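Chemist: Encoded as structure tokens, here's the structure I'll be asking about.
What follows is calculated from the coordinates using simple rules that are stated; it is not laboratory data. Values in this document were obtained by computation on a predicted structure and should not be read as measured data. Cβ sites come from the backbone with ideal geometry, for glycine too, and all protein chains shown count toward neighbours.
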Amino acid sequence: MLIQFRVENHRSLRDEQVLSLVAANLGGSEDPRLLRPPELGESLLPTVALYGANASGKSNVLNALAFMREAVLRSHRYWEPEEGTPQEPFALSSKAQKQPSLYEVDFLVEGVRFRYGFVLSAARIEEEWLHAWPHGRKQVWFEREGDHFDFGKHLHGENETIRGLTRANSLFLSAAAQNNHAALLPLFGWFGAVQFELSRSPLLGLKPLHTALLGNLFSGQLSLFEEDNTARQHERESVVQLLRSADLGILDMRVVRSSRSVFDKDAEIHLRHRAEAGHEVWFPLERESAGTVTLLGIATRLVRLLRRGGLFCIDELEASLHPALGLELLRLFQDPRHNPKGAQLLFTTHDTNLLGNVLGEPPLRRDQIWFTEKDQAGATHLYPLTDFHPRKEENLERGYLQGRYGAIPFLGQLVTAPEEEP
């Protein structure tokens, strides 16, 4: 479970910004939506929404977390030894471009709280650290400054050997996982389990929706759609049920292999549609709409997360899902019956219905709402709604649209009328 994310000097996030998923004390009775890990002593939020004007930097919060994940998973194997790091500092300041960037997460893994982070420049990893709190008492597992490492007595394993394999531009955690460091593999696995639905990859730029989805499926999820896969039959049925509930006319799915090969690259996903006169037609995925492809990609990961736990980050929820589906997604994450493992959802949105009571009781608590706003220098500031101490009965949607909490655009004249043209 994610407790807190801290970032500095990543894209528009020039100054240190902190996103906390620790639930605030809002009074009243115990909220059944909250996650209550017994090892932590604090309740956590199952979902958090980021609001802000276009280009205010809310997507960069998710991108920064995605960049951190990619660095952990890929730096040891895929970052070229002599090419430094793919740092993305604040571009509107020559001073910031010469400074390093910081990334840090507090998270729970197997009942233990960890704090892991690193600082990188364009040339190398400048700092890296890992602290743990088993039984509530702090332990320093390792700390790194440049090429100097200090290993705590509680981190057992081939630390010195792996240190010798760790390049200046790769993370020790990344190298340790690639060399089967038993104590650190669960932490590496936590990062690997974090899922993203982003229009832009943190390292590869824009990706077509079909390409991104097929890439996810071919990396090990395609077997989910095999009708004879009894081990994952429940997951497959859950995905099919979600597609049926979305009112897309989809009834079923299957994998069609172009040869007798068992390799995923020789397979196609087909979806069965309801047709006229009671007939049914199978379409390959390539013929489906971008919305259907996106929903399928979300559904396959959503089902696994709710069954196993993890973090799902979605950029512009309303662009990926119809508002009714988005609302249902929130309810799944906030219902202990459907989310027994404490999965979490972090998303950006412009949908103000989630703030108000048009659809009944507001689906978001006040501490689940965060904002991003840029200052005159183009730097993003991230802050929670609770900073404004809104009253329990306050109309949050109206207050947001009126600019009471900031994070909205102040529009000038968008188009010049013909009679005003020179």
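Chemist: For labels at Arg398 and Gln233 in the simple 7 Å Cα→Cβ model, what's the distance in nm?
Modeler: 5.4
Chemist: So, one more: For Ser170, which sequence-distant residues (separation of 5 or more, or a different chain) have an amide H within less than 5 Å of its own amide H, given hydrogens modelled in the peptide plane?
Modeler: Result for Ser170 returns Ile125.
Chemist: Kindly provide the GluC sites (Glu not before Pro) of region 6-104 that DSSP labels as loop, not H, G, I, E or B, and whose Cβ sees at most 16 other Cβ atoms within 10 Å.
Modeler: Those that pass, being in a loop and sparsely packed, are Glu16, Glu30, Glu39, Glu42, Glu82, Glu83.
Chemist: Mind listing the phi-derived Karplus ³J(HN,Hα) values for region 119-124, rounded to whole Hz, using 6.51, -1.76 and 1.60 with θ = phi - 60°, and x for any glycine or proline?
Modeler: Result, ordered by residue: 10, 10, 10, 5, 9, 6 Hz.
Chemist: Report the label-to-label distance for His156 and Asn180 in nanometres (one decimal), using points 7 Å from each Cα along the Cα→Cβ vector.
Modeler: 1.8
Chemist: Here's a follow-up. Read phi for every residue in region 36-51 and hand back ³J(HN,Hα) as whole Hz from Karplus 6.51 cos²θ - 1.76 cosθ + 1.60, θ = phi - 60°, with x for Gly and Pro.
Modeler: So the J values, rounded to whole Hz, are 10, x, x, 6, 8, x, 9, 8, 10, 8, x, 9, 9, 10, 10, 10.
Chemist: Can you list residues whose amide H is under 5 Å from Ser12's amide H, if they're 5+ apart or on another chain and H is modeled 1.01 Å from N?
Modeler: So Ser12 has HN proximity to no qualifying residue.
Chemist: Explain nothing, just compute: Karplus ³J(HN,Hα) = 6.51 cos²θ - 1.76 cosθ + 1.60, θ = phi - 60°, for every residue of region 288-295 in order, whole Hz, x for Gly and Pro.
Modeler: Each residue's phi maps through the Karplus curve to give 7, 5, 4, x, 5, 4, 4, 4 Hz.
Chemist: While we're on this one: For a Förster distance of 22 Å, can you work out the FRET efficiency between the beta-carbons of His322 and Phe283, rounded to the nearest 0.05?
Modeler: Values: r = 20 Å, r/R0 = 0.92.
Efficiency computed from Cβ-Cβ geometry: 0.60.
Chemist: Summing Lys, Arg as +1 and Asp, Glu as -1, what charge do residues with Cβ under 10 Å from the Cβ of Leu171 carry, Leu171 excluded?
Modeler: Once all neighbours under 10 Å are counted, the net charge is +2.
Chemist: Starting from region 321-360, pick out the trypsin sites (Lys or Arg not before Pro) whose DSSP state is loop and whose Cβ has at most 10 other Cβ atoms within 10 Å.
Modeler: Arg337
Chemist: Under a 5 Å amide H to amide H cut-off, with H placed in plane at 1.01 Å, what residues pair with Ala343 once short-range neighbours are removed?
Modeler: Gly309, Gly310
Chemist: Give me the distance between the Cα centres of region 326-340 and region 1-36, rounded to whole Å.
Modeler: Cα centroid to Cα centroid, the span is 19 Å.
Chemist: Using a 10 Å cut-off around each Cβ, can you sort Phe151, Phe172 from fewest to most neighbouring Cβ atoms? Display every interim value, and only then the final one.
Modeler: Numbers: Phe151 18, Phe172 25.
Ordered by Cβ neighbours within 10 Å, fewest first: Phe151, Phe172.
Chemist: Grab the beta carbon distance between Val109 and Arg167, set R0 = 22 Å, and tell me the FRET efficiency rounded to 0.05.
Modeler: Between Val109 and Arg167 the formula returns 0.30.
Chemist: Counting only other residues whose beta carbon sits under 10 Å from that of Glu316, what net charge do I get with K and R as +1, D and E as -1? Mind dumping the intermediate values first?
Modeler: Values: positive: Lys58; negative: Glu197, Asp315, Glu318, Asp351.
Residues near Glu316 contribute -3 overall.
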